[in-house]
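Asks: First the structure, then my questions, so here it is.
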Amino acid sequence: IAVDDGYENAHHNLLALARSLEQQYGKKITITWFINPPFMGVPGTQLDHASCDELKEGVKQGYYDLQSHGSNHTDFTTLSPQKLNDDVSNAQIILRKCVGQLDPKGTVGKHVAYPNGGVNPQVIQIVAKYYKSGYLYNNSTFKVGRIKDVYHIPRVSIHNRLKVNRLIRLAEGGWL
C-alpha cells in the first residue's frame, strides 16, 4: 500500500488497519507514505496533515516506510532546475531529520513519487542525484521484473473517481 500526501485521517485509519491485519494474520504489512515533509502537522484546507510524531509512531511499530513527495506538492516539470533541486533536497532533509535514529539503515527518503505525476528528462536528471527511484501517478500496473527505468515506476491510484468495476478487477488481482 502506498499513500500520498500524509493526511492525518489516513494515518489513524491505516495504522489501525495494519495493527488489525497483523493480529488477524500474524504478519506485518508495510505502508509506504510519500510525504510532503514541510506539511507534516500542518492543518490543511480540507484535511489536516499527520505530524512527524504521528508518522514516527508507524515507523517505530514497523508499519511505515516514509518516502518523498517533494516539499511543496508542486508539479516538478513546472520548476526551474534550482527550485526543483531545492524542493527535492529539502524534502529529503526534513524527512530524515524527522525519523532520525529510527532509520539506522538510511532507507527513509530514498524514493520519490512525482507530485501530480510530472516528470521529464530534466526532472529525472535532478531527482536521480537524491533518489534511487521515481514513482508515477499514471494508473498503470507494476509488473515485477519488467521495470526498465527506475525513474518511471507505475502506480495504480485508488481514489473516488475510480469506477467500481475497475476497483473490483484490481481487488481480484486484475493487474497480474
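Asks: Consider the range 15-41. How many of its residues are under 17 Å from Asp5 (Cα atoms), part of a loop (DSSP other than H, G, I, E, B) and either without any contact (Cβ under 8 Å) to a residue 40 or more places away in the chain or aromatic (Phe, Trp, Tyr) (or both)? If you could, list the steps in order and put the result at the bottom.
Replies: Within the range 15-41, the subset under 17 Å from Asp5 (Cα atoms) is 15, 30-41.
Add one more test, that the residue is part of a loop (DSSP other than H, G, I, E, B), and what stays is 30, 36, 40-41.
When the remaining residues are screened for being either without any contact (Cβ under 8 Å) to a residue 40 or more places away in the chain or aromatic (Phe, Trp, Tyr) (or both), the result is 30, 41.
Final tally of qualifying residues: 2.
Asks: Something else: Please tell me if Leu84 is touching a residue at least 24 places away in the same chain (Cβ under 8 Å), over 22 Å from Pro121 (Cβ atoms) and crowded, with 20+ Cβ neighbours inside 10 Å. Before you say what the answer is, go through the steps one by one.
Replies: Values: touching a residue at least 24 places away in the same chain (Cβ under 8 Å): yes; over 22 Å from Pro121 (Cβ atoms): no; crowded, with 20+ Cβ neighbours inside 10 Å: yes.
So Leu84 fails the test.
Asks: With respect to Ser71, is the statement that it is buried (at least 17 other Cβ atoms within 10 Å of the Cβ), of a type in the set (S, T, N, Q) and modelled with pLDDT of 95 or more true? Working first, answer last.
Replies: On the way: buried (at least 17 other Cβ atoms within 10 Å of the Cβ): yes; of a type in the set (S, T, N, Q): yes; modelled with pLDDT of 95 or more: yes.
Here the answer is yes, as Ser71 does meet what is asked.
Asks: Got at least one residue in the range 12-31 being among the β-branched types (Val, Ile, Thr), in contact with a strand residue (DSSP E or B) (Cβ under 6 Å, 6 or more places away or on another chain) and more than 12 Å from Cys98 (Cα to Cα)?
Replies: Just the residues of the range 12-31 that are among the β-branched types (Val, Ile, Thr), to begin with: 29-31.
Retained after the next criterion (residues that are in contact with a strand residue (DSSP E or B) (Cβ under 6 Å, 6 or more places away or on another chain)): 30-31.
Filter again for more than 12 Å from Cys98 (Cα to Cα), leaving 30-31.
Looking through the range 12-31, at least one residue is among the β-branched types (Val, Ile, Thr), in contact with a strand residue (DSSP E or B) (Cβ under 6 Å, 6 or more places away or on another chain) and more than 12 Å from Cys98 (Cα to Cα).
Asks: Given the condition at pLDDT 95 or above, among the charged types (D, E, K, R) and surrounded by fewer than 16 Cβ atoms within 10 Å (Cβ to Cβ), answer yes or no: does some residue in the range 105-116 qualify?
Replies: For the range 105-116, residues at pLDDT 95 or above, among the charged types (D, E, K, R) and surrounded by fewer than 16 Cβ atoms within 10 Å (Cβ to Cβ): absent.
Asks: Within the range 139-154, is even one residue surrounded by 14 or more Cβ atoms within 10 Å (Cβ to Cβ), in contact with a helix residue (DSSP H, G or I) (Cβ under 7 Å, 6 or more places away or on another chain) and on the phi < 0 side of the Ramachandran plot?
Replies: Yes, there is a match, as at least one residue in the range 139-154 is surrounded by 14 or more Cβ atoms within 10 Å (Cβ to Cβ), in contact with a helix residue (DSSP H, G or I) (Cβ under 7 Å, 6 or more places away or on another chain) and on the phi < 0 side of the Ramachandran plot.
Asks: Quick one: His49 ticks every box in (1) surrounded by 19 or more Cβ atoms within 10 Å (Cβ to Cβ); (2) touching a residue at least 60 places away in the same chain (Cβ under 8 Å) bar one, so which box is it?
Replies: So the condition that His49 fails would be (2).
Asks: Does Gly70 satisfy the criteria of being of a type outside the set (A, V, I, L, M, F, W, C), in contact (Cβ under 8 Å) with a residue 40 or more places away in the chain and on the phi > 0 side of the Ramachandran plot? It would help to see each step written out before you state the result.
Replies: Values: of a type outside the set (A, V, I, L, M, F, W, C): yes; in contact (Cβ under 8 Å) with a residue 40 or more places away in the chain: yes; on the phi > 0 side of the Ramachandran plot: yes.
So Gly70 fits the description; yes.
Asks: Taking only pairs six or more apart or across chains, which ones have beta-carbon atoms under 9 Å, a first residue in the range 100-124 that is touching a residue at least 24 places away in the same chain (Cβ under 8 Å) and part of a strand (DSSP E or B), and a second residue that is surrounded by 12 or more Cβ atoms within 10 Å (Cβ to Cβ) and acidic (Asp, Glu)?
Replies: His111/Asp65; Ala113/Asp4
Asks: I've got another one for you. Return yes or no: is Gly44 in a loop (DSSP other than H, G, I, E, B) and in contact with a strand residue (DSSP E or B) (Cβ under 8 Å, 6 or more places away or on another chain)? If you could, list the steps in order and put the result at the bottom.
Replies: Details: in a loop (DSSP other than H, G, I, E, B): yes; in contact with a strand residue (DSSP E or B) (Cβ under 8 Å, 6 or more places away or on another chain): yes.
In short, yes.
Matching residues to (1) of a type in the set (Ser, Thr, Tyr); (2) under 24 Å from His12 (Cβ atoms):
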position: Gln61; (1), (2): no, yes
position: Pro81; (1), (2): no, no
position: Val127; (1), (2): no, no
position: Ser133; (1), (2): yes, no
position: Ile158; (1), (2): no, yes
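The values are calculated or read from the model by the stated rules, or taken from the named source; none is laboratory data. Since this is a predicted model, take the numbers as computed values, not measurements. Neighbour counts run over all protein chains shown; Cβ positions are idealised from the backbone, glycine included.
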